[in-house]
Structure formats: C-alpha cells, structure tokens
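One structure is given here, and the rest of the page talks about it.
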Amino acid sequence: GKSGSKIQCTPTKAGGDRFIPNRSTMQMDMANFLLTKENDPAEESPTKKEQQKAWGVNLNGFDIEEAKILRLSGKPQNAPEGYQNNLKVLYSQKMTPGSSRKNGRYIPSMPDRILDAPEIRNDYYLNLIDWSSQNFLAVALDNSVYLWNHTSGEIIQLLQMEHPDDYISSVSWIKEGNYLAVGTSNAEVQLWDIQQQKRLRNMTSHSSRVGSLSWNSYILSSGARTGHIHHHDVRVAEHHVATLAGHTQEVCGLKWSLDGRYLASGGNDNLVNIWPCTQGDSGDFAPVQTFTQHQGAVKAVAWCPWQSNVLATGGGTSDRYIRIWNVCSGTCLSAVDAHSQVCSILWSTNYREFISGHGFAQNQLVIWKYPTMAKVTELRGHTARVLNLTMSPDGATVASAAADETLRLWRCFEMDPIKKKEKEKANSAKSSIIHQGIR
C-alpha cells in the first residue's frame, strides 16, 4: 500500500501460511517506493520518455506502446508498419495491414435496364445516342429520332426523315438540354426545339453526311464525310462562320473541351486534331496539335472533366489502342492496348475513372482507373459490337447502343450516398457564390 495507509502485518510464524509466502525477506519499503514512483507522472520528463521510446525502438524494432496486444481503453491498435508476426499473436484488429485488401465499390455486372433499338444502323462512324441535362435520351433509329424520358419512361418520336433512303447520322444535345442538333445522311444539320417538338432551322453547308456534332455554347460544330468541320452560329441567319480542313477522310469523333478552349476531332484518316476556339492571324483555323500515333480510325474522343488539357482517344479495328494526351505539351501520357475496336470513351464525373465501349470479340464495356490505366471491371451482355456510349446527367448511369439492336443502361458509376450529399452540398455552395457575384 501507499505510505500513510494502514499496513497489515503478515503472520510471524516460520514458514508462513499455506497461501501467502513469507515476506520477511522482501524489501517492502523499496517495492513500495518503486510502485509509487511508477505511478507518479511528474517524475518522468518528456526527454526521458523520448529516450525510453528510442531504446525500445532500437531493441525491439518498434515502439512498445504502439504494439500492445491488449488495450484497456482507446481504439484498437494496428500492427506496426512492416511488422512480421511470427508468433501469430492476435491483434484486436480483424486483419493486419499486410493482409487486408481495400474493398472496391460494388459495380453491378448486369444492366439496370435493356431497351429495344430496332433498325439502329450498324455503322461505326455514326454518333446515334446522346443524353441531355434534362434527362432525355435521344436515339436515332435509321430515319427517325426518338426521345426517351428517363424520369417518366415516356417515349416520343421527335422526327422522321421525309425521303425513305435518308437516315439520321448524328444527334447532340445543347448543354441546357432544350435543343437537339440532328445530322443527316443528306448533308443537313437540323435544330429541334424539344418543348415545342418543332424544327427551328435547317442548316445546309456540308456536301456529304454529317456523322459527328458537338456544342460550345451557341456554336454548333459538325463533322462530315468529306473531312471538313463547320462551325455554325445558331443565333444568326448566316450560320456557317468557319470551316476547319484538317482531315482527308470522314470526321467520326468530335468533342469541345468543357472550358470551350479546344475542339478535338478524330477521323477515318487515323488523325487526331486539336483546334483552338479562335482563328489565327491569317484568318484561318489551324490545329494546335496533330496526333498521328493511332493506326486506325479515331471515333472515341473524350476530355477529362477534372484536367482540362487531358484528352482520351481510342482507335478502330486496325489500332485498338486507348491513348491519353496532354494537348498543351502534345505528349502521350499513356497508351494501353484494349485488344479490340474502341468506339467510345466517357470519363466518370464521380470517380477517377473512364469507361470504353468495344467491338469484336467481346463486345464489352471496360472501366479503367486513371492515371494507372488498371482495369477495374468489364461489363458484358451485348451480342454484337458496341456503337456508342452516353452518360446520364448525374454521372451514375452509362447507356450503350450496340449492333444487337439493344440499348443497355449500366449503373456503373453510382455514388456512395454520403459522398453524393457532400457533392450536392459543394455544388449548391458554388452556385450561391456565383449568384452573389452576379448580384
């Protein structure tokens, strides 16, 4: 006991009792002093503690305090870094860091929904589906365009070409989702109002089919079979404001960057061109970069949503490579062999990942980690080559259109509910700051 407390005497009978040994030979005062010293925190200086810790680390290879097997209070401890547990001591954690594997999120291997797409054209060079910010999926089926309302499930036939030999070759929504641009096989670019379900205008400047479209605010860019790209200012009567001539064959991939600074175009001539938003001193547009590494047609072009100067491109059957570019320096950041035709690439807005759509032999969708380019998973189900991919406005669902005449909806980028709330909160805070600025 401590000094000052009543000390009980042990029996003086020689040999002691049955249970308690004879303590007459023990140094009770010394033991008492040592016990009280150990329990007195004031005695140990921080320097001494550090010294003892250093000794412990040198002798044992780890800090004893950190490696206690049983703890009476506080959180259970992890095994020290690199600790090899030869004695198989059970830690109060389920697994040691060496053996634990971080569980990835759950990605359903089956589509959330399958829709019929009868008479969808099995043509690699066309861009036949697009999903609007107002949650309408536009699908071009031969000579008609249908709108599917993802919220209500309602289907609307928006238009049908007058001549039976003509067909729809591309569709693209304006950012606000109230207008749809439609490219046709007879070289027209039509503009449709979705609320009114009426054609607003018919822009004729190309001389061959329009297989690709992309919006940049009020400028609509269209790529044709001739290899020419036209800029249309949809606000004015003389809509054709510029021509970009950098391809010798059909332009099948066309995408404006999110900040509107660059337009990426991919062609059947295996080229990728990066165009500036403004023309040069001579009054002509010239590409700021031309990438020639692909060995096949480049239809898949996609800008990274969190790095504005990073572009992903994918090559056709004779190339099969996915390449990531820095468009400012012109360097190829990475290249991966996808082992099959690449028709489309979409970057996830919820994860540091992107998804690609493929042709023969698997007709699959592949999710890739960025920047490691590690394969996350493959989504199989289509029985013919995937033609196009598009993403829902919330970034959770990918729609794939394939030559098997089906549309499949994959919930592959579903967000964790907690993260989703945090993202929504951040977005609302951002928009309120913008509104304050405007006021």
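The values are calculated or read from the model by the stated rules, or taken from the named source; none is laboratory data. Because the structure is a prediction, the values reported are computed rather than measured. Counting neighbours? That spans all protein chains shown, and the Cβs are built from the backbone with ideal geometry, glycine included. When the accessible area is computed, the model is the full protein with side chains, heavy atoms only, and any ligands, DNA or RNA have been set aside. Shrake-Rupley method; radii C 1.70, N 1.55, O 1.52, S 1.80 Å.
Which residue pairs have Cβ atoms closer than 6 Å, lie 6 or more positions apart in sequence or on different chains, and pair a first residue in the range 374-401 that is touching a residue at least 40 places away in the same chain (Cβ under 8 Å) with a second residue that is part of a strand (DSSP E or B) and open to solvent by 40 Å² or more (accessible area, probe 1.4 Å)?
These pairs meet every condition: VAL376/LYS369.
Can you tell me which of (1) more than 23 Å from SER318 (Cβ to Cβ); (2) open to solvent by 10 Å² or more (accessible area, probe 1.4 Å) is the one GLN249 doesn't meet?
Of (1) more than 23 Å from SER318 (Cβ to Cβ); (2) open to solvent by 10 Å² or more (accessible area, probe 1.4 Å), only one is false for GLN249: (1).
So, in the range 319-337, how many residues would count as being touching an Asp or Glu at 6+ places or on another chain (Cβ under 7 Å) and assigned to a strand (DSSP E or B)?
Within the range 319-337, residues that are touching an Asp or Glu at 6+ places or on another chain (Cβ under 7 Å) and assigned to a strand (DSSP E or B) number 1.
Can you tell me which residue among VAL288, VAL272 is over 29 Å from ARG199 (Cα atoms) and open to solvent by less than 10 Å² (accessible area, probe 1.4 Å)?
The match here is VAL272.
Residues in the range 183-205 that are farther than 12 Å from TRP173 by Cα and open to solvent by 20 Å² or more (accessible area, probe 1.4 Å): how many?
Selection size over the range 183-205: 13.
Restricting to the range 119-142, and then to whatever is of a type in the set (Phe, Trp, Tyr) and not in a strand (DSSP E or B), can you tell me which residue is surrounded by the fewest Cβ atoms within 10 Å (Cβ to Cβ)?
Taking the candidates together, the pick is TYR124.
Is it fair to say ASP116 is open to solvent by 30 Å² or more (accessible area, probe 1.4 Å) and closer than 28 Å to PHE360 by Cβ? Talk me through it step by step, then tell me what you get.
Working: open to solvent by 30 Å² or more (accessible area, probe 1.4 Å): yes; closer than 28 Å to PHE360 by Cβ: yes.
Yes; evaluated as a whole, the condition is true for this residue.
Restricting attention to the range 348-371, does a residue exist that is open to solvent by 10 Å² or more (accessible area, probe 1.4 Å) and touching a Cys at 6+ places or on another chain (Cβ under 7 Å)?
No, that holds for no residue.
Being free of Cβ contacts under 8 Å to residues at least 12 places away in the same chain and farther than 25 Å from GLY395 by Cβ narrows it down to one of GLU119, GLU162, so name that one. Write out each step before concluding.
Details: GLU119 fails: free of Cβ contacts under 8 Å to residues at least 12 places away in the same chain.
Criteria check complete, one pass: GLU162.
Restricting attention to strands (runs of 3 or more DSSP E) lying wholly within the range 211-261, give those where 1 or more residues are acidic (Asp, Glu).
228-233
Out of ALA300, ALA312, ALA264, report the one residue that is in a strand (DSSP E or B), surrounded by 15 or more Cβ atoms within 10 Å (Cβ to Cβ) and out of contact with any Ser or Thr (no Cβ under 8 Å at 6 or more places or on another chain).
Every option except ALA312 fails the conditions.
Within the range 165-206, how many residues are out of contact with any strand residue (DSSP E or B) (no Cβ under 8 Å at 6 or more places or on another chain) and touching a residue at least 40 places away in the same chain (Cβ under 8 Å)?
Applying the first criterion (out of contact with any strand residue (DSSP E or B) (no Cβ under 8 Å at 6 or more places or on another chain)) to the range 165-206 yields 165, 176, 186, 195-196.
Narrowing further to those that are touching a residue at least 40 places away in the same chain (Cβ under 8 Å): 176.
The qualifying residues number 1.
With the requirement that a residue be polar (S, T, N, Q) and either more than 18 Å from the chain's Cα centre (by Cα) or surrounded by 17 or more Cβ atoms within 10 Å (Cβ to Cβ) (or both), what does the range 315-344 give you?
Across the range 315-344, the qualifying residues are THR317, SER318, SER329, THR331, SER340, GLN341, SER344.
Determine, yes or no, whether LYS255 is open to solvent by 20 Å² or more (accessible area, probe 1.4 Å) and either under 31 Å from the mean Cα position of the chain (by Cα) or among the small types (Gly, Ala, Ser) (or both). So that I can check it myself, show each step before the final result.
Numbers: open to solvent by 20 Å² or more (accessible area, probe 1.4 Å): yes; either under 31 Å from the mean Cα position of the chain (by Cα) or among the small types (Gly, Ala, Ser) (or both): yes.
Yes; evaluated as a whole, the condition is true for this residue.
Which ones in the range 375-427 are open to solvent by less than 40 Å² (accessible area, probe 1.4 Å) and acidic (Asp, Glu)?
ASP404
Answer yes if at least one residue in the range 144-151 is closer than 18 Å to MET391 by Cα and surrounded by fewer than 15 Cβ atoms within 10 Å (Cβ to Cβ), and no otherwise.
yes
Assuming GLU162 fulfils every condition listed in (1) modelled with pLDDT of 95 or more; (2) within 27 Å of LEU213 (Cα to Cα); (3) part of a loop (DSSP other than H, G, I, E, B) apart from one, which condition is it?
Among (1) modelled with pLDDT of 95 or more; (2) within 27 Å of LEU213 (Cα to Cα); (3) part of a loop (DSSP other than H, G, I, E, B), the lone unmet condition for GLU162 is (1).
GLY153 fails exactly one of the following numbered conditions: (1) in contact (Cβ under 8 Å) with a residue 12 or more places away in the chain; (2) of a type outside the set (A, V, I, L, M); (3) not in a strand (DSSP E or B). What is the number of that condition?
(1)
Can you tell me which residues in the range 207-218 are free of Cβ contacts under 8 Å to residues at least 24 places away in the same chain and out of contact with any Lys or Arg (no Cβ under 6 Å at 6 or more places or on another chain)?
SER207
Residue by residue through the range 184-210, note down the ones that are more than 16 Å from TYR125 (Cα to Cα) and assigned to a loop (DSSP other than H, G, I, E, B).
Result: ILE194, GLN195, GLN196, GLN197, SER205, HIS206, SER207.
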